[in-house]
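Here the structure comes first, spelled out in structure tokens, and everything after it is commentary.
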Amino acid sequence: MGSRKGITFYLAEHPAIVGFRWSPEKSWGSTWSFLIYSIALYYAAALILHLLLHIFRRRRPIPLGPIPALHSLAVALTSATIFLGILLSSLAEIRDTRWFWRRTQTATPLHWFLCFPIGTRPSGRVFFWSYVFYLSRFLHLMRSFFSILRRRPNAFSRLFAHSALLCMSFLWLEFSQSFQVLAILSSTLAHVVVFGYRFWVGVGLPAADGAGFVVVLGCQLAVLCCNLVCHFGVILLHFGRGGCSGIGAWLFNSVLNTGLLFVFLNFYFLKKGIEEEDFGNGRQVKKLITASEEPPPAAEKKDQ
């Protein structure tokens, strides 16, 4: 019981969490110029790395050793902390502000999760963890450089995906956007599963053939379906219950989500083959090959 209270205090009741406020003076990385320069530097660094590999005619994947596995462990632990923190903080916010809901036409906790009242300020417990989630997106940017060094296909599609998610998490804070709590909960839970699996395989522990593809695809589809349902709920509440906070940013993020959806479809369905990373030995294994690409039995035997 004491350990549970300690976890709740440090993740939801600590003065630094309760008193958090998103502002350029108090929050690192909270200005538009920082966001723009960060994304520009991110693209420039990726392009320079790609050009250097091209100049030195490096066509084979560069072995990265345990770095990807350690990165996966860091992302999984960070995501687990954010998931638990924002869950406990949301429960605390509902407990402390429920008395005020009658004035804002907020009927149920689900209503609050989907639709913040108009005039909500980016301060307090929930926005502290939204800020931590925003900072964690910079840790995810390293995945793009791993893809370039490993000569993976669609590396620059990953650049767009990671930069779009970074921009979206910034807008959540800047405009107190509704629906962000559920988006963070679903995303961090998926990250725990995906990056936990990648760490498991990366350190050489056994895994079933094709499990990586199923884990990644299943988690991404689950997050996608959750987002679609939540977007529909936001629309109903905004037009039926007097409006939601940050609806302009929500519309812009919906456009970014559409772009991410096209990247997702292009990467998994519109390509003839889908490659999965084998973290144990740095190889790339074909998981899905269309019938037209399938080599004849003689050629396959020769390759073996």
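The values are calculated or read from the model by the stated rules, or taken from the named source; none is laboratory data. Keep in mind it's a predicted model, so treat the numbers as computed, not measured. Cβ: placed from backbone, ideal geometry, glycine included. Neighbour counts: every protein chain shown. What goes into the accessible areas is simple: the full protein's heavy atoms, side chains included, and nothing from ligands, DNA or RNA. Shrake-Rupley method; radii C 1.70, N 1.55, O 1.52, S 1.80 Å.
State yes or no: is Gly248 in contact (Cβ under 8 Å) with a residue 40 or more places away in the chain, open to solvent by 40 Å² or more (accessible area, probe 1.4 Å) and outside any helix (DSSP H, G or I)? Answer is no for this residue. The residues of the range 66-117 that are among the β-branched types (Val, Ile, Thr) and at pLDDT 85 or above, listed by number, are Ile67, Val75, Thr78, Thr81, Ile82, Ile86, Ile94. With respect to being open to solvent by 20 Å² or more (accessible area, probe 1.4 Å), of a type in the set (A, V, I, L, M) and part of a helix (DSSP H, G or I), Ala92 falls outside the description. Which of the residues belonging to the range 172-184 are buried (at least 21 other Cβ atoms within 10 Å of the Cβ) and either in contact with a Cys (Cβ under 8 Å, 6 or more places away or on another chain) or not small (Gly, Ala, Ser) (or both)? Residues satisfying the conditions are Trp172, Leu173, Gln177, Ser178, Phe179, Gln180, Val181, Ala183, Ile184.
With respect to the conditions (1) outside any loop (DSSP other than H, G, I, E, B); (2) at pLDDT 70 or above, Gly243 lacks only one, and its number is (1). Within the range 118-145, restricting attention to residues that are of a type in the set (Lys, Arg) and over 30 Å from Leu64 (Cβ atoms), the residue that is modelled with the lowest pLDDT is Arg121. Among the residues making up the range 1-39, a single one is β-branched (Val, Ile, Thr) and not in a helix (DSSP H, G or I): Thr31.
Counting only residues that are in a loop (DSSP other than H, G, I, E, B) and of a type outside the set (S, T, N, Q), the range 170-225 holds 10 of them. Within the range 44-56, residues that are closer than 12 Å to Ala155 by Cβ have Cβ atoms under 7 Å from residues that are open to solvent by 40 Å² or more (accessible area, probe 1.4 Å) and in a helix (DSSP H, G or I) in these pairs: Ala46/Phe145; Leu49/Phe145, counting only partners at least 6 apart in sequence or on another chain. For the range 204-257, a residue qualifies if it is hydrophobic (A, V, I, L, M, F, W, C), more than 26 Å from Trp172 (Cβ to Cβ) and in contact with a Phe, Trp or Tyr (Cβ under 8 Å, 6 or more places away or on another chain), and the qualifying residues are Ala207, Ala211, Val215.
Taken together, Val193, Val229, Val214, Val203 contain a single residue that is more than 21 Å from the chain's Cα centre (by Cα) and either closer than 18 Å to His111 by Cβ or of a type in the set (Val, Ile, Thr) (or both), which is Val203.
Among the residues of the range 6-30, those identified as out of contact with any strand residue (DSSP E or B) (no Cβ under 6 Å at 6 or more places or on another chain) and charged (D, E, K, R) are Glu13, Glu25, Lys26. When each of Val214, Val203, Val229, Val192 is tested for being among the β-branched types (Val, Ile, Thr) and under 21 Å from Leu141 (Cα atoms), the lone residue that passes is Val192.
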